[in-house]
Structure formats: C-alpha cells, structure tokens
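The values are calculated or read from the model by the stated rules, or taken from the named source; none is laboratory data. Source: prediction; values computed, not measured. Cβ placement follows ideal geometry from the backbone for every residue including glycine, while neighbour counts extend to all protein chains displayed.
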Amino acid sequence: MTLSQLWSQLPTALAKLDPRHQWHNPVMFVVLVGSILTTVLAIADPSAFTIALTVWLWLTVVFGNLAEAVAEGRGKAQAASLRAARKDTVARRLDRDGTETLVPGTELVIGDLVVVEAGEVIPGDGDVVEGIASVDESAITGESAPVIREAGGDRSAVTGGTTVLSDRIVVSITAAPGSTFIDTMIALVEGTSRRKTPNENALTILLSSLTIVFLLAVATLAPMADYAGAPQRTVVLVALLVCLIPTTISALLSAIGIAGMDRLVRVNVLAMSGRAVEAAGDVGTLLLDKTGTITYGNRRASAFVPQAGLDDAVLRDTARLSSLADPTPEGRSIVELALERGATDEPLPVGATIVEFSASTRMSGLDLPDGTQIRKGASSAVLAWLDQTALPPSVESAVERISADGGTPLVVAVRDAAGGRVLGVVHLKDVVKPGMSERFAQLRAMGIRTVMVTGDNAITAKAIAAEAGVDDVLAEATPEDKLAYIRHEQQGGRLVAMTGDGTNDAPALAAADVGVAMSSGTSAAKEAGNMVDLDSDPTKLIDVVEIGKQLLVTRGALTTFSVANDVAKYFAIIPAMFVAAYPSLDSLDVMRLHSPESAILSAVVFNALVIVALIPLALRGVRHRVASAAGLLRRNLLVYGVGGLLAPFVGIKVIDLALATLFGSAL
Amino acid sequence: MSDAFAGVLSLLALVALLALAYRPLGDYIARTLESPRHTRFERPLYRLAGVNPDASQSTRSYALAVVGFSAVSLILLYVLLVAQSFLPYSRGMDGMPWDMALNTAVSFVTNTNWQSYAGESTLGWTAQAVGLAVQNFVSAAVGIAVAVALIRGFTRNRSDQLGNFWVDLVRVTVRVLLPIAFVGAVLLVIGGVVQSFSADQVVDTITGGQQTITTGPAASQEAIKELGTNGGGFFNANSAHPFENPTGFTNLLEIFLILLIPVALTRTLGTMLGNHRQGYAVLGAMGVLFLASLAITTWAEVGAHGQSAQAAGAAMEGKETRLGEWASALFATATTGTSTGAVNAAHDSLTPTGGGAVLVNMMLGEVAPGGVGAGIYGILVMAILAVFVAGLMVGRTPELLGKKIRSTEMRYIALYSLTTPAVVLVAVGIAIALPSTSDAMGNPGGHGFSEVVYAFTSAANNNGSAFGGITVTSTFFQLMLAAAMLLGRFVPILLVLALAGSLARQGRVPATAGTLPTHTPLFAGLLVGVVLVMTGLTYFPALALGPIAEALA
Amino acid sequence: MTTTAPVQTPTATAGRTPIASGLLRQTVTGLRLLLVLTVILGVGYPAAVWAVGQVVAPDRANGQIVSVDGAPVGSALLGQAFDDPALFHSRPSAAAYDGLASAASNLGPSNEDLLASIQERREAVAAEEGVALADVPPDAVTASGSGLDPHISTAYAELQAARVARANGLDESAVRGLIAAATSGRTLGFLGEEGVNVLQLNIAVRHAAEG
C-alpha cells in the first residue's frame, strides 16, 4: 500500500462523513459528534490549540473512513473487470415450439431455454441441458484454459458472461438477471452487500459499551474537575474522550473484514458472506476429497516387481513397451517410471499393433511385428489370456501384497515363440502429494481434524489415509454418508468444512459450516455452498481455513492493541488537565511532555495517526503462524498487548517533541 | 517476635487454614448443590413453603424467584426496621426513619450491609437478629445460587434448566452457611465476642464516672456477617469494636471466615466443571490481585506513608492497639477484596495509598476474590471479556469452557460490565455537583472527594465499607446510595442469569489444540491484566483526583 | 462430577408464564420460605449460640465484666477515659469512651485538623510525662478505630509509669510490675499485637496504692 493509494481514496473517505453512514459505526459516530462540537467551540473561541485539536479530531474521522475506503477500493478494480463481462447480451431463446426468438439477456426468466453456439456469450447462469461445449471462463476465473461443459453430470453449470468456444449447447436459465453469479461476485468484491458478521456484531457491542463507559467517565469528570478547582474546557474533555474510546479498532474493523474477503478473492475463492469466512476460522473438521486433494488425480506406477529369477530390466522394458501407446495417466506413469529406472527412450517399433483397453478383455498391450504379444492388466484377465490357472508363486504373493496395501497390481505377460509367461507385476498406487502429511500435522496442531473422503474400499482408503496422515477416513462414501458424518461432527460441537461439486453434494454442502463449491460444479452445488472456488481446486479448503483464522487474529490483535493504547493516553492527558490543581500529579507525567496543551494534542495526534499506520496491517492481516492456541496467545499478547501498552508512550513522546520543536512557543 | 515476623506468620496461618478447607469445602458445596437427595430436615421446609424441590426451573423462572424472594425480603426487613419499637427485645429503640430504613433494608438484602445507622444506638436485638442477620444468611445464599446457576450454564448442554432456586437457597443456607456460622460463632464467643441477651448495664467506674455497657447477640451475627461477606456490624465501630473483635485470634478467625467461601467456591467451580485446573486458574488470578493489593496496603500502613502517620510516628489513627497495622492491613484487604465491608480500622484514616488500594479493590468489581457467589460470577464475566478480546488472537471466534461467546452473550456481558461503573460515575458526578455534598464530607479537599467516590463505589459494588467521615443521613444520600446498591446488585444478577440461560441453551464445543486454554497461568495472567486495565480505564480520572493526588503529595 | 441435577417435572417447563403472574407466584413462595427461614436463622440460630456460649464461656459471652469489691466497674474489653493524673491514661478517643457510641475520628491522612491534634496531643503528653516530643509513642496521639480501645502500647504505659508511681507514692518498679501483669501478648505468640489493658492496670494501681 502506498501513500498515493491512500490519497486516491480520500474523496471516498470524505464522502463517508455522511452521518447516516457514520451511524453504523457507533464509536466513530461519537468522534464525528465530538468533532462538530469542537468546531463550534473553536469558531466561538478560536485559539491555536483549539483549532489544531479540531483539525486532528476531524482527521481521526477521515482516517477511519479512509481505512474502509482503501479496503473497498481494492475490490473495485476487480468489480470493474467483472462488469465488463456482464455486458448486455442478446439471447436466442428456444420457445416451446422449437423456434428461436431473439430477446435481450436481461429479459430472461428462470426456466427459459437458450441456445448458445461457438463464439457467443452465454446470456445468463444456467445448466446445460443439451450438448457439450468448451467454454472460456476467464472472465470470472482469470484462467485462460477452456473448460468442458456438458449436459447431465457434474459439469453442467455455466455462468453468464462466459463465452462458448466450440459446439452448441442448450442452457436452462437458473438465475434471474441481476442475481446471477457475476452480479453476486460484483457485490461481494465491492463490499456493497457486506453485512456485519456475528463476531463483528458482538465486538461492536463490546466497543459500544466501552464507549459508554468512557463517555460517562469523561462527562462526570467535568463536575469532579469543578470540585477540584480545575474546571476543564469542553474541547479538552472531547479530546480525552476521543483518545479513550476504541477508535483504532472501530476505524479498522470493517477494513479488516473486507480485507479478509479480499484475501479469499485473491486465492480465487468467493465467500458469499463474511459469516462463512469467520466460520472458516472455527472449523474443527475438514472433509477432504481424496482425489485431487490428498493424492494426485490418478494412480501412478511406483514399482516393478519381476517374477523370481527374472532380471528387473526385462520387466521394466516390457512394461514400458506395452505402455508406449497407452494414453491413460497410468500408462504414462509406467513409461515415466521405466525411464527413471534406466530404460532407454526408444520409440514404438515400426509395425507394432496397438491393443487398446477394452471392457471385455480388461487388458491393453502391443503386438510386435515379430509376433510377440505383450499384455498388461488385472491378474485374472492376464491368466485367462495366458490360459493358465495360477500365477507363479512369487508373482502371486506380490499381487496379494500390493492389493493388501491398497494398490493396484498390474500383471505384465508376454506370449511369443517360447509360449506365454508372466513377467511380473507393476505396482500402481495412489500417490499422496508431497507435503500433505506435514500439512495435516500442522492442522492437527491447530486443533483441526482431517477426514479423507473417498469412494475407494476401506482397505485402499486406509492405506492412503495412513500414508497421508489424516485423522479419519470415510471410505466408500456416499453423499448420504457425508451428510451423516457432518451431522455427527456438528452434534459434537465441531464446525465442518468440505468441498463438493456434484448435485448430490448439495445437501452436505448446505449442512457444512463452510461449504466450498467448485466453480466447475453444478449450480445446485454452488447454491448450497457458502463459498465458491473459481479454480475448482479442492486443496483450497486449507487456505480458506487459514484465511479465516488470520481474519480473526487480526481483529483480536487490533482490538487488544487499541484498548492497551489507552493506558498511555491517560498518563499524557490526566496530569496535563490537573497538574495546576494538584501539582503532585506531575509525577504521573512519566513522558515529561512539553506542556499540558502539547500533551493533549500529542495524544490526539497519535490517536489519529495510529489508524493510518495500522491500515496496512489491517489489510494484509497479521501473519498466520502454525502454533497451538496457547503459543499464539502468548505471542500475540506480547506483541499487541504489551506492545500496545508501550508503543503510545514512545509515539506520544515523539509527537510531543516534534510539536515542541515546531510550535514550541505557541503551545 | 518482630511485628513483621508476626504479621507474615499471621498471613501464612491464614493461607494454611484456607488451603486446608479449600478442597473439602469446595467439593462439599458442589456436592450439596448437585445432589438429587433432600434431607429430612429440608423436606418440611419445602412443604411449608409450597415448593416442589424436584422441579427444575427455566432461566426466567429462576430469575423471577430471585427477584420475588428479594422483594419480600426487602419489604419484611423494612417493616421490621420501621416498626421495631413494637417488637420485643428492642431496647426501647424507636422505629427507624423511613429513608434510613429503606437504605438499610436495601443494604442488607443486596448483601452490601452499608450502614447509615449506628447499631448500638439505633437498633434493638430483634431488628438485628431477626431482621438483619437473617438477610446476612439468605442474601449470601442468593449470591451463591446465582453463581451456581451460571456454572450450570456452562455445564449444561442444550437445556434451558438452571436448577431450582428454592432448593439452591435452602441447601446453601442450611447445609453450608448455618453449620459453619454456628461453629464460627461459638469460636468467637470463646474468643471473647459477646452473645448475651442481658439488658444494657450502667456501671460506676473507678474514677467516679459512668459507662454504659451494651452487649447483645453479637457473636451469632458476627459469624455470618463475615462468612456471608455481608459486613454489617452489630456495633457502629464494626470489627474495630472490642465486643465484636476482641483479640488477634478473633481477628484472624473473622478474616478466615470472610475469605473462606469466596476462595472455596473456585474449587466448587472446578469440581462442577470437571476441570479442577480451571478452578485453580481463577483462584490464581484472584490471589495475584489480592496479594498485590495486600502488599501495597501493608507497605503503606506499616511504613506509615502518609502525613498523619508520619506526624504520629505510625499509622495508628483509627486502628486498635491489640490489632495494629499488620492485622488491620490484612483485614482491610480481605474485607474490600471480598464484598464484605466489615472494618477493624477506620478506612477513612488509612494512609492515602492504603485507602486508595482498598478503594481500588472494590473498583475491580469485587473479584479478588469477591463476595460469596458474586466473586465467582464477576470473575467469570471478566474471563468472558478476556477470551472475547484475546481469544480472537488464536484465530477462532471466542469461547469459554466450551461455550461460544456470541452477540447474545456479549450483550449481557457488555451491560454487566457497564452497570457498576455507570452507577458509580453517574452517582459521584451528581453528588459532587451538588453544593450540599461538601457539607456532608468529613474531610476537606481531595480526601472529601475520595469519601464520595468511596461511598458510591462501595454501594454499587455491594461492599458496604465506608470512608466513614462522610455523613450520609440526608435523604438524598440515603436514596442515592440505596439506588446504587439495588442497581449494583440486581441488574448484574439478572444479566448473569440471562447469560447463564443463553449459555445453557448452547451445545458444548469440544476443546482442541486450537482452543484457547483457560486453565493456564498465562490465562490467569491475562485475566489479571484485563481486570486491571478495565478498572484503570474506568476509574483513573476519579482516582487521580482523589487518592492518587493525595498519595503523591 | 457429582450426581446429576434434580429431574424436571413436566409442569416446570410447560409454556412460558407471563412475567407478572410468574413473579407473583414466586414471590408468594418466597414469602413463605422467608418466614420459615426467619424462624430458623433469626430465632433458633442466635438462641443456640447463646445457649452454648452461656455453657462454654459465660463470662466472655456476657462481656467480661470487671468488678471491684463485687460492684461492676466496666468491661475488660471496653476502654475508659482516665483523666486522673494518678492513673494511666487511655488513648485519645473520638467517642469519649461512650459505650453507646463507638466511633473513629474518620479524619483523613492529610487532614489539617488531625495533624494539629496530633501535635497538640504530643506536646501535652510530652509535658505531662516530662519527656521529649519524639519520645511520645504513636498510640498516645491517635484515636482508635472503635473509640473504646481498652489497650495502650507497652511503650505508652512505660512512659506513664514514673508519673503514676510518683502520684501514688509507689515504687516505679512495682508499677512496672503491674504493667507487665496487665499486658496481654499476641494470641499464640503471633496474632495481633501486645497491649496493656488500662482498666485492669488502673484497678491494680488503685489497689496497690490503697493496699
């Protein structure tokens, strides 16, 4: 954040001085009223001190608005590009009788069918009900690679404003104009639809009650001061009040919230409400899809196990040969593994016939020109092909071991002049992404349980779960199982986060406290979740939780800082107010400030400047650390509690020195 | 034996006695309140009162019972006070004036025991024993019942039932307070506290003068006065009076009784929560505040850090010879750290620092360790405040003991922490603005101001001790102070019960590594910090113009 | 955890009663219970303590009345004013040792009147006892908390010994012996402070002077 950014938001900040806007922030409203009051008093009885005080009180209000304006400003740029996507489109509405009518996109109603062909912009949110097409969704995701959208299944949802690149689809409109996904996004990133979150509400209650206490403390100080023979000017009382009420956190509160949503947007996750972001911080259980999150999407070859007595290289080279023409990820992984293990990178022999995988043979392979046939596949299929009844004992035991570990044994066999024989087994397995178990250990340290959700059978699932280090497994999981699991966890008081994309995930997504729908998923899923991941990357869930925590930590840290600040301000202002009546109070002036007036002014200036100084922290967020709650508390208390206690002593002293140097004689 | 050695030894003896009683008594109170069984002695009581002791009450019903019971208590006591001339054993005393009676009735029903009257010259024994002492018991029991209701709010899971107020009231009274008070009273009699129904006796002294010796049922009242953290003295001089506190032994016994239940209730808290370390953490926070205050007061009093103390050679103005500075400092800290308000020395004449420290004890909100019950719910409210601000810093929305602190809870907490400061500040503001207040002050200048601040702080925090130089018999002060006591007692109680209900209705959140641990020394330290900062921010200006200015002079 | 709470009856939760009628119902219950408790706590309890007290420590329960020749002259626990120069003086009292008006001065630590009083008392005591101003002990110049303090410090008693001995024609060492006899130490050796009971001391002085 630069000064020019602050400067550019100044007009917005000034526009927010509208009392109707300020009213939403009770603490800053008090400052506004105080500023107006001192302005009147400064006009009635002008002096350098009252004028300076008045100016700084107004600056306090403006700085508070500035924080909010800067936070909102970051979303505005994004909103502008989204608006460009929401340009008026002409829709080809498909009427009952099969005829097409051209209507403006804004006149579509839910349930309308529209035809979209290559090169055309999809006029509204909907589900593909007919056809398949590649769609450019870069307008919303920023991702230039086209995605496939097809009728039926979990990839049927299309978003208004995206462009069809090829083919023709018929889309059933699911959102009315003005409430489409893009509209929602615009509102979200701009912060216009922002409501206070539950915790913000609770915090506002606390801050308001503190403000009332200080209001009473300062108001009743007037008669007390009169009694003490040291009547106080109203401007001084207002200055004291503004310094005491928690202006810092109140000024930054909404900026912190907006920035939290913004950080999510930066990782391409859209939260439908701030409430969801807050809930993310509280999540106690993460339901993670195995595929794509914990493991790579596909099984990969991890080892060659040759038959007893056979050279490793023979199996390796044969397996490579059999997979050269195999386009599946498994096939490619066998080639990669073979090369890794020292196979030579020779091309497919000329004249070889490719035998593709078929459901009936359950094998794939290669017929070489010399008549040698190579096959790989499930052991039963290979045995049938070889016309044998049993695998060689060493291969048999390898197959059993691999299966027991949750892997997939792929038997490789050849049939040539010497007859048919089994060469060995390729161990295919789900490979856990690197770093996952460390990540889960971190989550565990933060008190979060990870649960792997998979359609695999229990044995396979357990093996991968053990390798990845998750806390629990939900194997052979149906959507009902997921829902039941979520309910069970919630019954025990834990908040649950999950990702989902399919329509059948919708109930679970709706039940979860944080439901992240993949933007590639169905509109049912997107509506059920309270966040949408534009990248459709299930790993994001972990980022989402961390961003939620960061938001809460930032809010707590700045609240603590704000309240701790007050102590120093008392030490600056109270002696200044009463040292004339009670000279003994001079020893409370531990900062040895220049004069009573400069002391009061310094406190007010510090109070205003600290808002600006903390805007970057509010926007960036307190750096998230993986640590136990006790560790986090100790550290943050030290930095923001003790730091908040001490910082203003230094700050006020520095400002006082500056004021004394610049205007020494006037103060 | 040097004074310092004896003083420290007394403190150690006190701590040892409290430590001995801590577990058995704390667990006994928990058992008493959670047991499904009624004793043979209690069943007839329930029958006579028309209570179904096996019914459980909703939050609303519990709160209405507290209010209803306190209302009839107030009325009955008021009637006893204004009509005492018609009662037996009234020593020929007239009925109290209406404003003093109202103030006194409010004072004893709210467990404040502020005294705008002088016992020996105003009250007969019926008013004392049947009126005041009964409230000493039941107002204490009300406080404990409310604290227990709040603890139940934490332990219950998705329920609106907070227990049965009548059962809690009866059990605390007859199973906890009555037996301990009886033993305490007998020990006090053995120590020399009077318990007599003989008429006032005028004796001819050896120098030819006369002295009226008035006794009465003082020991029985003294025991529950301390045990229930009430503090209303049988005699005007309270525990400085030789008939109420004749020796070093009775002095320590009285301090022990003052601290016994507030300290043991932290064990009850831990036991009821099934987490004893939580009880220790709360006790730790209370103990740190208490010992810090005790150290300051003892330093000031023993070191004679004040003008008059310097002039006299020791801070003996307002102190008894047999008790001395050490025992007086300990008593003063105990009585203001709890909401007792009994005094064995004149607080008005304490050194500026000592007087300031006891004033701050009350301003803390009576949580170190606080009044019976009130201390527990007071510190739990502060703990919620602490987790609310600091809890966010661990990256979760705040929770305490498995319950989330949401807007609903925060509303009650905010109003709770607002109530007493608002009452004190507004009342002091009004009083100090009135010219007549200067005439009521017993001392001029900053100290006179301190008297006014002390009076309303004491009333609103239900302490009852005073900077006694102030004359509060004007109708203005009687009513203002009565209002402060009422608001300072029942607004927080109703908020605590609403909070308890709101917590009870929630499901419990299990503790994980991500949960802010609240049973650790770190949290106890945080709690101390929050209590001090909140108090400091609220009262610093008033303190600066009173005790601080005087102490620094 | 201890056992569970009392079971709830269906009637307790059935519907939300309106506040007014609910309050009335609870208030009536409260009144009945308060009356019952008043009998136990307001009559039974003090009577029981009284009964036990009259058995185990009747003298103490009744105020430790001190008699001379069978006639009560005061209480061992209540101080008296002794202005007679032939007797030991008690501490200054804000209550003038009136048994019906216990009170402290309640003068603040910076109160000018208090500072003046302390100075006056110091001068008076120093003059009467013929000692330096600095030798006057604190309890001789300060009023007690009750106004009925039965004790003075041994230092103050010792200070007065010479005058009392002189006035009564007694040997000073004998008077010091009387002081020692009227001195009560700390309870158990460490609780409270040492003090000299002025009434008992003066009775002893009179007795010695007469005897």
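The table below gives the values:
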item: Helices (runs of 4 or more DSSP H) wholly inside the stretch C:126-211 that include at least 2 residues being surrounded by 24 or more Cβ atoms within 10 Å (Cβ to Cβ), on the phi > 0 side of the Ramachandran plot and more than 7 Å from chain B (Cβ to nearest Cβ); result: none
item: Check on B:GLU320, among the charged types (D, E, K, R) and in a loop (DSSP other than H, G, I, E, B); result: yes
item: Residues that are within 7 Å of chain A (Cβ to nearest Cβ) and surrounded by 23 or more Cβ atoms within 10 Å (Cβ to Cβ), drawn from the stretch B:423-439; result: B:LEU425, B:VAL428, B:ILE432
item: Qualifying residue in the stretch B:456-467 (condition: over 18 Å from B:VAL491 (Cβ atoms) and either assigned to a helix (DSSP H, G or I) or at the interface with another protein chain (Cβ under 10 Å from one of its Cβ atoms) (or both)); result: yes
item: Any helices (runs of 4 or more DSSP H) falling wholly within the stretch A:227-293 and containing at least 2 residues that are in contact (Cβ under 8 Å) with a residue 40 or more places away in the chain, more than 13 Å from chain B (Cβ to nearest Cβ) and over 28 Å from A:ALA441 (Cα atoms); result: A:234-244, A:247-266
item: Failed item in (1) assigned to a helix (DSSP H, G or I); (2) under 22 Å from B:ALA422 (Cβ atoms); (3) under 14 Å from the mean Cα position of the chain (by Cα), with B:VAL367 passing the rest; result: (1)
item: Residue count, the stretch B:393-408 (criterion: buried (at least 24 other Cβ atoms within 10 Å of the Cβ) and in a helix (DSSP H, G or I)); result: 2
item: Candidate set: the stretch C:80-112, residues that are among the hydroxyl-bearing types (Ser, Thr, Tyr) and under 22 Å from the mean Cα position of the chain (by Cα); chosen: the one surrounded by the most Cβ atoms within 10 Å (Cβ to Cβ); result: C:SER102
item: Members of the stretch A:307-351 found to be aliphatic (A, V, I, L, M), part of a loop (DSSP other than H, G, I, E, B), in contact with a helix residue (DSSP H, G or I) (Cβ under 7 Å, 6 or more places away or on another chain) and surrounded by 13 or more Cβ atoms within 10 Å (Cβ to Cβ), listed by number; result: A:LEU324, A:ALA343
item: Matching helices (runs of 4 or more DSSP H) fully within the stretch B:209-310 where at least 1 residues are free of Cβ contacts under 8 Å to residues at least 40 places away in the same chain; result: B:218-227, B:276-302
item: Those residues of the stretch A:75-86 which are more than 17 Å from A:PRO123 (Cβ to Cβ) and at pLDDT below 75, in sequence order; result: A:GLY75, A:ALA77, A:GLN78, A:SER81
item: Residue ranges of strands (runs of 3 or more DSSP E) in the stretch A:448-547 with at least 1 members modelled with pLDDT of 85 or more and among the hydroxyl-bearing types (Ser, Thr, Tyr); result: A:449-453
item: Pick from the stretch B:440-455, criterion of a type in the set (Gly, Ala, Ser) and assigned to a helix (DSSP H, G or I), ranking: surrounded by the most Cβ atoms within 10 Å (Cβ to Cβ); result: B:SER450
item: A:THR220 assigned to a helix (DSSP H, G or I), under 22 Å from A:ALA557 (Cα atoms) and either more than 23 Å from the chain's Cα centre (by Cα) or outside the structural domain of A:GLY556 (by the TED database) (or both); result: no
item: Odd one out for C:LEU115, checked against (1) surrounded by fewer than 18 Cβ atoms within 10 Å (Cβ to Cβ); (2) within 8 Å of another protein chain (Cβ to nearest Cβ); (3) more than 20 Å from B:ALA304 (Cβ to Cβ); result: (3)
item: 3 or more residues over 24 Å from A:ALA524 (Cα atoms), out of contact with any helix residue (DSSP H, G or I) (no Cβ under 6 Å at 6 or more places or on another chain) and of a type in the set (Asp, Glu): qualifying strands (runs of 3 or more DSSP E) within the stretch A:38-151; result: none
item: Residues satisfying the stated conditions in the stretch A:87-107, i.e. of a type in the set (A, V, I, L, M), surrounded by 15 or more Cβ atoms within 10 Å (Cβ to Cβ) and at pLDDT below 85; result: none
item: Filter result for the condition that a residue is touching a Gly at 6+ places or on another chain (Cβ under 6 Å) and under 21 Å from B:VAL372 (Cα atoms), over B:ALA466, B:ALA500; result: B:ALA500
item: Subset of the stretch B:33-52 (residues that are crowded, with 19+ Cβ neighbours inside 10 Å and either farther than 21 Å from C:LEU35 by Cβ or more than 7 Å from chain C (Cβ to nearest Cβ) (or both)); result: B:LEU33, B:GLU34, B:TYR46
item: Pairs where the first residue, in the stretch A:550-565, is under 21 Å from A:GLY274 (Cβ atoms) and the second is hydrophobic (A, V, I, L, M, F, W, C) and not in a helix (DSSP H, G or I), C-beta under 9 Å, 6+ apart; result: A:GLN550/A:VAL622; A:VAL553/A:VAL622; A:THR554/A:VAL622; A:GLY556/A:VAL622; A:ALA557/A:VAL622; A:LEU558/A:VAL622
item: Residues (polar (S, T, N, Q) and surrounded by fewer than 24 Cβ atoms within 10 Å (Cβ to Cβ)) located in the stretch C:65-79; result: C:SER67
item: Residues of the stretch A:473-502 classified as within 14 Å of chain B (Cβ to nearest Cβ) and of a type outside the set (Val, Ile, Thr), total; result: 10
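Residues checked against (1) in contact with a Pro (Cβ under 8 Å, 6 or more places away or on another chain); (2) more than 9 Å from every other protein chain (Cβ to nearest Cβ); (3) within 27 Å of A:LEU619 (Cβ to Cβ):
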| site | (1), (2), (3) |
| --- | --- |
| A:ILE169 | no, yes, no |
| A:ALA176 | no, yes, no |
| A:LEU206 | no, no, yes |
| A:MET224 | yes, no, no |
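Residue-wise test of (1) in a helix (DSSP H, G or I); (2) touching a helix residue (DSSP H, G or I) at 6+ places or on another chain (Cβ under 8 Å); (3) in contact (Cβ under 8 Å) with a residue 24 or more places away in the chain.
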{"site": "A:LYS569", "(1), (2), (3)": "yes, yes, yes"}
{"site": "A:ASP586", "(1), (2), (3)": "yes, yes, no"}
{"site": "A:SER598", "(1), (2), (3)": "yes, yes, yes"}
{"site": "A:LEU609", "(1), (2), (3)": "yes, yes, yes"}
{"site": "A:LEU637", "(1), (2), (3)": "yes, yes, yes"}
{"site": "A:GLY641", "(1), (2), (3)": "yes, yes, yes"}
{"site": "A:VAL650", "(1), (2), (3)": "yes, no, no"}
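Table: residues versus (1) modelled with pLDDT under 95; (2) farther than 30 Å from B:GLU409 by Cβ; (3) crowded, with 23+ Cβ neighbours inside 10 Å.
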position: B:SER90; (1), (2), (3): yes, yes, no
position: B:ALA133; (1), (2), (3): no, yes, yes
position: B:VAL142; (1), (2), (3): no, no, yes
position: B:ASN157; (1), (2), (3): yes, no, no
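Okay, residues lined up against (1) touching a Ser or Thr at 6+ places or on another chain (Cβ under 9 Å); (2) outside any loop (DSSP other than H, G, I, E, B); (3) of a type in the set (Lys, Arg):
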| residue | (1), (2), (3) |
| --- | --- |
| A:TRP385 | yes, yes, no |
| A:ALA390 | no, no, no |
| A:SER394 | no, yes, no |
| A:VAL399 | yes, yes, no |
| A:VAL425 | yes, yes, no |
| A:LYS429 | yes, yes, yes |
| A:PRO434 | no, no, no |
| A:GLU438 | no, yes, no |
| A:ALA441 | no, yes, no |
